[in-house]
Amino acid sequence: MIAIIDYNAGNLKSVEKALLLLGHECVITRDFKEIERADKVILPGVGAFGEAMEQLKKYELDRVIKDVAGRQVPFLGICLGLQLLFEGSEENGGTEGLHLLDGKIVRIPAKEGLKIPHIGWNSLFLQHDGKLFCGIEPEPYVYFVHSYYLKADDEQIVKATCDYSALIHASVEKGNIFACQFHPEKSSHTGLKILRNFCSLE
């Protein structure tokens, strides 16, 4: 069973729908016991970093996430869920994150001809043999919605990048922790393949 963490963020139903389409049992929940006994855990989300951290702390889900990650359960952060895994974000004057991975979330710099937020399809540059991208063609197109992006401290954990006004660290993997800045659940066949790869992890 796959637990989708419910912390009042958007986009939970889209992830649930994609997993059900792939034939996986899943539940949207903030129940500690359900999350802790899940085979895999997903932290999706769209919205503001600071508000998201407040919600995680309100329901004490920050503690559950750290516990699950520490027990080597496969864990996937999506969009805002990726950002929350890191040290903190510039958004709203600066907010501390979950500190599961090293790096900062910074605003996409303004550039003539490019709109912020970054909304739409972009190609990925794949590197370092990411498990989520096994069997996926080079330079796949995926769907983004974000105004802030990750600058990871350790580039070896970066498995995909995207060029949009800056070099965006679009997907990372470290041990049992996986994360995507883009939305696999909204990225057509490529996105479903990425989710299938995550669901197949031991």
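The values are calculated or read from the model by the stated rules, or taken from the named source; none is laboratory data. All values reported here derive from a predicted model rather than from experimental measurement. With ideal geometry, Cβ positions are generated from the backbone for all residues, glycine too; neighbour counts draw on all protein chains shown. When the accessible area is computed, the model is the full protein with side chains, heavy atoms only, and any ligands, DNA or RNA have been set aside. Shrake-Rupley method; radii C 1.70, N 1.55, O 1.52, S 1.80 Å.
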Q: Please indicate, with yes or no, whether at least one residue in segment 150-173 is more than 19 Å from VAL15 (Cβ to Cβ), open to solvent by less than 20 Å² (accessible area, probe 1.4 Å) and assigned to a loop (DSSP other than H, G, I, E, B).
A: yes
(Q) Can you tell me which residue is most open to solvent (accessible area, probe 1.4 Å) among those in segment 40-61 that are modelled with pLDDT of 95 or more and either assigned to a loop (DSSP other than H, G, I, E, B) or closer than 23 Å to LEU201 by Cβ (or both)? (A) GLU60
Q: Quick one: TYR149 ticks every box in (1) farther than 27 Å from LYS66 by Cα; (2) within 13 Å of the chain's Cα centre (by Cα); (3) of a type in the set (Phe, Trp, Tyr) except a single one, so which number is it?
A: (1)
Q.
So for segment 70-92 (the condition being part of a helix (DSSP H, G or I) and either closer than 12 Å to ASN176 by Cβ or among the hydroxyl-bearing types (Ser, Thr, Tyr) (or both)), does at least one residue qualify?
A. yes
Q | Residue within segment 100-116 that is open to solvent by 60 Å² or more (accessible area, probe 1.4 Å) and in a strand (DSSP E or B) present | A | yes
Q: Please work out which one of (1) loosely packed, with under 13 Cβ neighbours inside 10 Å; (2) modelled with pLDDT of 95 or more; (3) farther than 23 Å from ILE42 by Cα; (4) of a type outside the set (Phe, Trp, Tyr) is the condition GLU96 fails and give its number.
A: (3)
(Q) Out of the residues in segment 127-136 meeting the condition of being open to solvent by 50 Å² or more (accessible area, probe 1.4 Å) and not small (Gly, Ala, Ser), tell me which one is nearest to the chain's Cα centre (by Cα). (A) LYS131
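Report whether or not GLU139 is out of contact with any helix residue (DSSP H, G or I) (no Cβ under 9 Å at 6 or more places or on another chain), closer than 26 Å to ARG30 by Cβ, open to solvent by 50 Å² or more (accessible area, probe 1.4 Å) and not in a strand (DSSP E or B). Before the answer, list the steps.
Numbers: out of contact with any helix residue (DSSP H, G or I) (no Cβ under 9 Å at 6 or more places or on another chain): yes; closer than 26 Å to ARG30 by Cβ: no; open to solvent by 50 Å² or more (accessible area, probe 1.4 Å): yes; not in a strand (DSSP E or B): yes.
Considered against the rule, which asks whether it is out of contact with any helix residue (DSSP H, G or I) (no Cβ under 9 Å at 6 or more places or on another chain), closer than 26 Å to ARG30 by Cβ, open to solvent by 50 Å² or more (accessible area, probe 1.4 Å) and not in a strand (DSSP E or B), GLU139 comes out as no.
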